[in-house]
Amino acid sequence: MIPDLNLPGPLAELTAACDAYEAALMGNDLDAMDALFWDSPVTLRYGVGENLYGIGEIRDFRKARPGGSPQREVIRREIVTYGENMGTCNLEFRRAGGRTGRQSQTWLKTPDGWKVVAAHVSLMAETH
């Protein structure tokens with residue numbers, strides 16, 4: 001059975017969660033980012049230069065990163081919900097200075113709200 005895509009309620013909720021994550025990332029709000037990730041040892045985040053397994057490694061990485069994430073502009077964002085409890089947020093961004101990247105997040109709706117369960121960030125190859 002294929003779940004219903006982009007039901008209005010879940011789509012609005014997940015869009016708000018993705019907006020909150022982007023604001024927290026750009027503001028280096030560690031508590032807000034932490035609250036939006038699933039507090040689980042199976043949560044993962046593959047970054048530009050790191051592979052983080054479990055919420056503990058993700059928290060440690062964020063705390064150790066001076067100044068937080070480089071500032072960026074979102075170029076395109078695609079949010080899809082699958083039924084009422086799963087969704088994805090994929091976006092393209094441009095960092096200050098011109099480098100283009102991509103971010104993929106898988107979200108799960110928990111009793112505490114929408115949480116990122118897996119994330120991947122990568123930068124595009126520079127072209128000359």
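Readers should treat all values here as calculations from the given coordinates under stated rules, not as data from a laboratory. Model, not experiment: these values are computed from the prediction. No Cβ is skipped: glycine too gets one built from the backbone with ideal geometry, and neighbour counts run over all protein chains shown.
Find how much the distance from ALA96 to LEU123 grows on full extension, using 0.36 nm per residue of separation minus their present alpha carbon separation; answer in nm with one decimal.
Length gained, ALA96 through LEU123: 8.4 nm.
Decide, for the chain, between rounded, prolate and oblate: order the square roots of the alpha carbon gyration tensor eigenvalues as a ≥ b ≥ c, take rounded if a/c falls under 1.5, and otherwise choose prolate if a/b is larger than b/c, else oblate.
Taking the square roots of the gyration eigenvalues as a ≥ b ≥ c, the chain is oblate.
For the chain, with the dipole built from +1 on Lys and Arg beta-carbon atoms and -1 on Asp and Glu ones, taken about the Cα centre, which of MET86, GLY67, GLY54 lies farthest toward the positive end?
Of the options given, the answer is GLY67.
How big is the charge dipole of segment 8-123 about its Cα centre, in debye rounded to the nearest 20, if each Lys and Arg gets +1 on its Cβ and each Asp and Glu gets -1 on its Cβ?
480
Between ASN85 and LEU108, what is the label-to-label distance in nm when each label sits 7 Å out along the Cα-to-Cβ direction?
0.9
Once you've got the GNM for the chain with C-alpha springs shorter than 10 Å, pick whichever of THR100, THR110, THR15 has the biggest mean-square fluctuation.
Of THR100, THR110, THR15, the Gaussian network model singles out THR110 as fluctuating most.
Measure out, as a whole number of angstrom, how far apart the alpha-carbon centroids of segment 76-128 and segment 6-45 sit.
Spelled out, the Cα-based centre of one part sits 10 Å from the other.
How much length would be gained if the chain were fully extended between VAL74 and LEU30, taking 0.36 nm per residue of separation minus their Cα-Cα distance, in nm to one decimal?
13.8 nm
At R0 = 25 Å, how high is the FRET efficiency between ARG65 and VAL42 if r is their beta carbon distance? Nearest 0.05 is fine.
E between ARG65 and VAL42, to the nearest 0.05, is 0.65.
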